[in-house]
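Laboratory data are not the source of any read-out in this text; all were calculated from the coordinates shown. None of the values given here were measured: they were computed from a predicted structure. All Cβ positions, even for glycine, are placed from backbone atoms using ideal geometry, and neighbour counts span all protein chains on display.
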Amino acid sequence: MKSIHSLFIISFLALGLASCTKEKSTMASDVAVSNLVAGEWKVTYLFRDSIDHTVEFNNYTLVYDPNGTLTGANSLYAVHGDWSVSEVQTVTSLTMSFHTAHTGADVFDEIAGTWVIETNSQERMVLHQGDDYMYLERVK
């Protein structure tokens with residue numbers, strides 16, 4: 001009887017811990033979405049394929065709309081795309097795609113794809129794809 005009681009307690013605790021992990025995980029992606037839609041963002045650092053591409057984004061801002069659309073713009077034109085945040089276990093990722101055909105804004109191809117969110121705050125995000133890194137900072 002004592003072993004059945006112990007087994008019941010262990011099972012109950014394991015179930016409780018598993019549900020806490022899921023709740024925390026969901027909250028991380030919710031916070032990332034909330035932060036992204038809160039204003040305009042700027043690429044302040046982009047190191048991709050062993051090359052620093054930061055200067056290519058000096059005049060661009062990114063706006064993440066709650067409906068999953070994304071706009072990258074400078075004073076000359078805007079490029080539209082899509083974005084989403086996802087989680088697999090404890091890893092939160094940002095995926096972006098841009099509709100750059102015939103726009104002359106191929107620069108956005110450098111940040112398209114899925115990036116792991118390493119640091120996530122209201123003012124700054126640090127993302128990576130393997131050895132490639134991107135920093136986003138909120139400007140408004």
For region 60-140 the chymotrypsin sites (Phe, Trp or Tyr not before Pro) that pass both the DSSP coil test and the at-most-15 other-Cβ-within-10 Å test are TYR77
So what J values fall out for region 128-137 if you push phi through Karplus, 6.51 cos²θ - 1.76 cosθ + 1.60 with θ = phi - 60°, rounded to Hz, Gly and Pro as x?
-> 8, 10, x, 8, 8, 10, 9, 10, 10, 10
Quick calc, region 25-138, dipole around Cα centre from Cβ unit charges on Lys, Arg (+) and Asp, Glu (-), nearest 20 debye, gives 240 debye
